[in-house]
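Report on the following structure.
The values are calculated or read from the model by the stated rules, or taken from the named source; none is laboratory data. What you see is a predicted model; the values in this text were computed from it and never measured. Counting neighbours? That spans all protein chains shown, and the Cβs are built from the backbone with ideal geometry, glycine included.
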Amino acid sequence: MRVLGIETSCDETAVSIVEEGKKILSNVVSSQIDLHKCYGGVVPELACRRHVDLLLPVIKESLKQAGLSLQDIDLFAAARGPGLIGALMIGLNAAKSFSLALNKPFIGINHIEAHLYAAQMSSEKPIDLPALGLILSGGHSTLAIIKTLGEYEIIGETADDALGEAFDKCAKILGLSYPGGPIIEKLARSGKPLYPFKAGQVKENPLAFSFSGLKTAVLYTVQKIPEMNDSIKEDIAASFQHAAFTDVQTKVKKALQMHHLKNVLVGGGVINSQALKEYLKPFNVFYPSQALTLDNGAMIAGLAYHKFKGVSDPLSLPAIATLSLSASG
Ligand code: KG4
Ligand code: ZN
């Protein structure tokens, strides 16, 4: 079965064709980073307009790279949430339109569940479940128990900013570009974690994240520095990154102990960080391949293969900006 997967939940217009849930025939990602850079974050209205312009060319390119035509596709899939509502609707409506026009089934996919599937898709052997799922992206910071494919229990979420968002905002405070994560990581390599920053704790749940206080601490520190220079920026970046990743490390350790789990499956843009890999070294971690870490259509198409039970989703299936992982079963 060949699935065409569309991903337009944020600022990547991405389309991939995947065979039997694993074999990637093409994986085209058109990033809008240049469009949003000068704003220090994604501007939803601009993202939507760009998705409209790019989606059909990206679908064409994806088919071309796979050496296929639309008639060769057996199932059309698209991310239906969570994400920017207007952006999601563009990909979802495209998948529905192809399904209707070509009389082929269509299925809506949970973007976060797809990030969790990315590590399984990249692994040669099946990974033993239950396992701990860790998603760290621009929109989400989630710890979940993956019971089986399609059955999840969220055990920790962010009470405020997502970790990637905190990296982006910290970069903005330091006058750096977007996306902030890779820039902070690079600066941090030359800096020392001299500033005593700490990530927040959530009283009701020891596994929940809170990064907005950390970001504010960076802001107050920067405001008090009379003359900023590169060396101070490097130390602030190192201190911020250290505080954030120490918190992730502590919570992963706690989650594994509390829920008697061994394997950790990770996903989302922040896991591109080489520095984070050091903090996760004590654990048995499964990473997605490089092409499947940032937003992409392959994880959508790959997961759709497993979720499709022979019946098309209705064309009335809505996009949901806040779609929960536990609702994805
Ligand atoms: O998963 P993703 O592509 O998009 C969302 O679904 O949000 O993640 C993008 C996020 C951005 O916030 C970016 O700053 C962060 O991932 N990121 C990083 C690194 N590379 C990307 N954060 C920290 N360190 C990195 N090396
Ligand atoms: Zn994502």
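Name the single residue that is surrounded by the most Cβ atoms within 10 Å (Cβ to Cβ) among those in the range 1-38 being within 16 Å of ligand 2 (Cβ to nearest atom) and among the acidic types (Asp, Glu). Residue satisfying both the conditions and the ranking: Glu7.
Set side by side, the residues Val270, Val264 differ, and just one is within 21 Å of Ser177 (Cβ to Cβ) and either in a loop (DSSP other than H, G, I, E, B) or in contact (Cβ under 8 Å) with a residue 60 or more places away in the chain (or both), which is Val270. Scanning the range 121-149 for residues that are within 16 Å of ligand 2 (Cβ to nearest atom), under 27 Å from Pro318 (Cβ atoms) and not aliphatic (A, V, I, L, M) turns up Gly133, Ser137, Gly138, Gly139, His140, Ser141, Thr142.
Within the range 214-245, the residues that satisfy the criterion of being under 27 Å from Pro282 (Cα atoms) and either more than 14 Å from ligand 1 (Cβ to nearest atom) or assigned to a strand (DSSP E or B) (or both) are Glu234, Asp235, Ile236, Ser239.
Within the range 53-62, being of a type in the set (A, V, I, L, M) and either surrounded by 15 or more Cβ atoms within 10 Å (Cβ to Cβ) or touching a residue at least 60 places away in the same chain (Cβ under 8 Å) (or both) holds for Leu54, Leu55, Val58, Ile59. Looking across the range 7-27, the residues that are more than 15 Å from ligand 1 (Cβ to nearest atom) and touching a helix residue (DSSP H, G or I) at 6+ places or on another chain (Cβ under 7 Å) come down to Val15, Ile17, Val18, Glu20, Gly21, Lys22, Ile24, Leu25, Ser26.
Results for (1) in contact with a Lys or Arg (Cβ under 7 Å, 6 or more places away or on another chain); (2) within 16 Å of ligand 2 (Cβ to nearest atom); (3) among the hydroxyl-bearing types (Ser, Thr, Tyr), shown as yes or no for each residue.
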| site | (1), (2), (3) |
| --- | --- |
| Phe197 | no, no, no |
| Val202 | no, no, no |
| Ala238 | yes, no, no |
| Gln249 | no, no, no |
| Val264 | no, no, no |
| Leu280 | no, no, no |
| Gly297 | no, yes, no |
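Under 6 Å between Cβ atoms, at least 6 apart or on separate chains: pull out the pairs that start in the range 127-146 with a residue that is within 14 Å of Ser210 (Cα to Cα) and end on any residue that is near ligand 1 (Cβ under 10 Å from one of its atoms) and part of a strand (DSSP E or B). The qualifying pairs are Thr142/Ile135. Put simply, of Arg80, Arg2, Arg50 the only residue that is basic (Lys, Arg) and over 22 Å from Gly268 (Cβ atoms) is Arg2. Would you confirm, using the coordinates I've provided, whether Ile112 is within 16 Å of ligand 2 (Cβ to nearest atom), in a helix (DSSP H, G or I) and within 28 Å of Ile184 (Cβ to Cβ)? Yes. When Ala79, Ala66 are checked against the criterion of being within 16 Å of ligand 2 (Cβ to nearest atom), touching a residue at least 40 places away in the same chain (Cβ under 8 Å) and small (Gly, Ala, Ser), Ala79 stands alone in meeting it. Out of Lys277, Lys307, Lys253, one residue alone is within 27 Å of Asp128 (Cβ to Cβ), surrounded by fewer than 18 Cβ atoms within 10 Å (Cβ to Cβ) and more than 16 Å from ligand 1 (Cβ to nearest atom). It is Lys253. Taking the range 295-309 as the range and being farther than 16 Å from Pro82 by Cβ and modelled with pLDDT under 95 as the test, only Lys309 passes.
Counting only residues that are buried (at least 17 other Cβ atoms within 10 Å of the Cβ) and either part of a strand (DSSP E or B) or within 16 Å of ligand 1 (Cβ to nearest atom) (or both), the range 118-153 holds 21 of them.
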